[in-house]
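Just below is one structure, and these are the notes that go with it.
Here, each number is a calculation from the coordinates, and none is a lab measurement. Keep in mind it's a predicted model, so treat the numbers as computed, not measured. Cβ: placed from backbone, ideal geometry, glycine included. Neighbour counts: every protein chain shown.
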Amino acid sequence: MQIFGPEELLQRIHGQDLCTACGACVDLCPYFKTHKGKISPIFSCDRSQGRCYAHCPKIDVDFNRLSETFFNKPYKESPFGEVRKICMSKKGVNAPEGTFQNGGTVSALTIFALQQGLIDAAVLTDRNGIIPKPRLVDSPREILECATSKYMLAPTIACVNTAGEKGYKSLGVVGTPCQMTGLAQLRCNPLYRKDFNDITGLVLGLFCSWAIDTSRFIEFLEAKEINVAAIKAMDIPPPPAEIFVLTLEDSVVEFPLNEIRELVPKGCTICPDLTSEWTDLSIGVLEGQNSWNTLIIRTEKGEDLVNDAVNQGFLELAELPEESQKNLTHAAANKKKRAREASDALGLNCEEFQHPAKKTQKQTIMGFR
Ligand SMILES: Cc1cc2nc3c(=O)[nH]c(=O)nc-3n(C[C@H](O)[C@H](O)[C@H](O)COP(=O)(O)OP(=O)(O)OC[C@H]3O[C@@H](n4cnc5c(N)ncnc54)[C@H](O)[C@@H]3O)c2cc1C
């Protein structure tokens, strides 16, 4: 894979609205910044190679390299990647109470990993008003504050890029498939930097079909005269509900999912990963039982953590119904198929996109749209 620099990143990804604002390119240099869920360089940079390009999950991802690095084997495409075990799970009786999106598996395991010393901090996603905000936390209280899903693009990995400077040695990271792919690229040290130190200690991935563009969502809500400051929680109940539910301070509002899908960026349509394949553990909602999660155990580290958490009452496990596994397999395979078709339709597999000519025209100051 040929690694280019920021100009090519802007031309190939941002210029075609394919960025999903995962944050993997943010805060590596003084240029790429994030604002209201968008990522943009504030000044031009003419480096011929950069980590911004090398970490991007939307460009030239070398699945074989990731698979060899994290699972010690060549990549073999399957609906949801490497699996040691798949089951259903929820927070156990000894994990702290809180308000969780589903079964609380993510928060319970993050707190447990912190208390066991497997991690000394975690990169999570909180909210500032309605805008998702990456947050570096190192206490159970802060982990609980970050619980629940913000169904919007979030530059979570930006926080990984700066956590090392704060002296943490082993980070837990929670994120969606694009964020986890960006993180995996970053952990492979694609530019072979001598000063690189992988401080990632545990990776918890979320299932994700798509996320909403934050700016477009704010405009959508304002047009409907919804007070964004009053939003308490959001949910997408599993099929066949086809609705998006917003819990406000004094009411609950529902929108047809089709209206919300209009706010999903093009970059989500080319994502082949439903279950966050480059992780220790992946967690999603269990269809038909919102207070449980589906849990995929991918690595030995993940399996040991889950077993210890079960033994100490932090996690409860149960067998996943055969029908649920069948439906998940179908949904994950479908996402891969749709991503392939979308990439073809957008011309991303053509020679010109795969091997771009070096751009000669210089960028000037960039702005946030
Ligand atoms: C954008 C998005 C789309 C999703 N789509 C699906 C789906 O299609 N199918 C499915 O089964 N599950 C999906 N999920 C996962 C689901 O909503 C729950 O996160 C999951 O079931 C874990 O539940 P929990 O109770 O264990 O989480 P909790 O214990 O409540 O913890 C939630 C965690 O999610 C993190 N988080 C919240 N928002 C974001 C964000 N935008 N980016 C990164 N991290 C975030 C928080 O840091 C927190 O640690 C999606 C989640 C997100 C954020």
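Which lysines have a Cα lying under 18 Å from the Cα of Lys326, excluding residues fewer than 8 positions away in the same chain?
Lys85, Lys335, Lys336, Lys337
Dipole size in debye (nearest 20) for segment 215-308 around its Cα centre, Lys and Arg Cβ +1, Asp and Glu Cβ -1? Each step should come with its number before you reach the end.
Working: 7 positive and 18 negative charges, 49 e Å.
So the dipole magnitude of segment 215-308 works out to roughly 240 debye.
Using Cα pairs closer than 8 Å and at least 6 residues apart in sequence, work out the relative contact order for the chain, in percent.
Values: 729 pairs, mean separation 90.1, N = 369.
Reported relative contact order: 24 percent.
Roughly what % antiparallel, to the nearest 5, for the DSSP beta bridges in the chain? Please report the intermediate quantities before stating the final value.
On the way: 35 of 47 bridges.
The antiparallel fraction comes to roughly 75 percent.
Roughly speaking, what is the stretch gain from Gln2 to Glu254, that is 0.36 nm per residue apart minus the C-alpha to C-alpha distance, in nm to one decimal?
Working: separation 252, 0.36 × 252 = 90.72 nm, distance 4.57 nm.
Between Gln2 and Glu254, full extension yields 86.1 nm more.
If you place +1 on the Cβ of every Lys and Arg, -1 on the Cβ of every Asp and Glu, and leave all else neutral, what size is the dipole of segment 144-221 about its Cα centre, to the nearest 20 Debye?
On the way: 7 positive and 6 negative charges, 45 e Å.
The dipole magnitude comes to about 220 debye.
Rg(Cα) of the chain divided by 2.2 N^0.38 Å?
On the way: Rg = 19.8 Å, N = 369, 2.2 N^0.38 = 20.8 Å.
Ratio of Rg to 2.2 N^0.38 Å for the chain: 0.95.
Using 1/(1 + (r/R0)^6) with R0 = 56 angstrom and r between the beta carbons of Asn94 and Asp46, what's the FRET efficiency to the nearest 0.05?
0.55
Considering the zone a paramagnetic label at Gln312 would reach in this model (a point 7 Å from Cα along the Cα-to-Cβ line), which residues of segment 61-104 have amide N under 20 Å from it?
Flagged as within label range: 89-98, 104.
Between Gln325 and Leu191, what length comes free when the chain is fully extended (0.36 nm per residue of separation minus the Cα-Cα distance, one decimal in nm)?
Length gained, Gln325 through Leu191: 44.4 nm.
From the helices alone, meaning DSSP H stretches of at least four residues, give me the mean residue ellipticity at 222 nm for the chain, per-run term -39500 (n - 2.57), in deg cm²/dmol to the nearest 500.
Details: 13 runs with 116 residues, N = 369.
That calculation yields -9000 deg cm²/dmol at 222 nm.
Between segment 161-203 and segment 265-293, how far is it from one alpha carbon centroid to the other, in angstrom?
Rounded to whole Å, the Cα centres lie 20 Å apart.
Give, rounded to the nearest 20 debye, the magnitude of the charge dipole that the chain has about its Cα centre when Lys and Arg contribute +1 at Cβ and Asp and Glu contribute -1 at Cβ. Write out the running numbers ahead of the final one.
Details: 41 positive and 46 negative charges, 206 e Å.
Dipole size: approximately 980 debye.
Taking a threshold of 24 Å on the Cα-Cα distance, which of the pairs Lys166/Lys194; Lys76/Lys133; Lys90/Lys232; Lys91/Lys150; Lys133/Lys266 fall above it? Present the calculation step by step, with values, prior to reporting the outcome.
Numbers: Lys166/Lys194 19 Å; Lys76/Lys133 34 Å; Lys90/Lys232 22 Å; Lys91/Lys150 20 Å; Lys133/Lys266 22 Å.
Check vs 24 Å cut-off fails for Lys76/Lys133.
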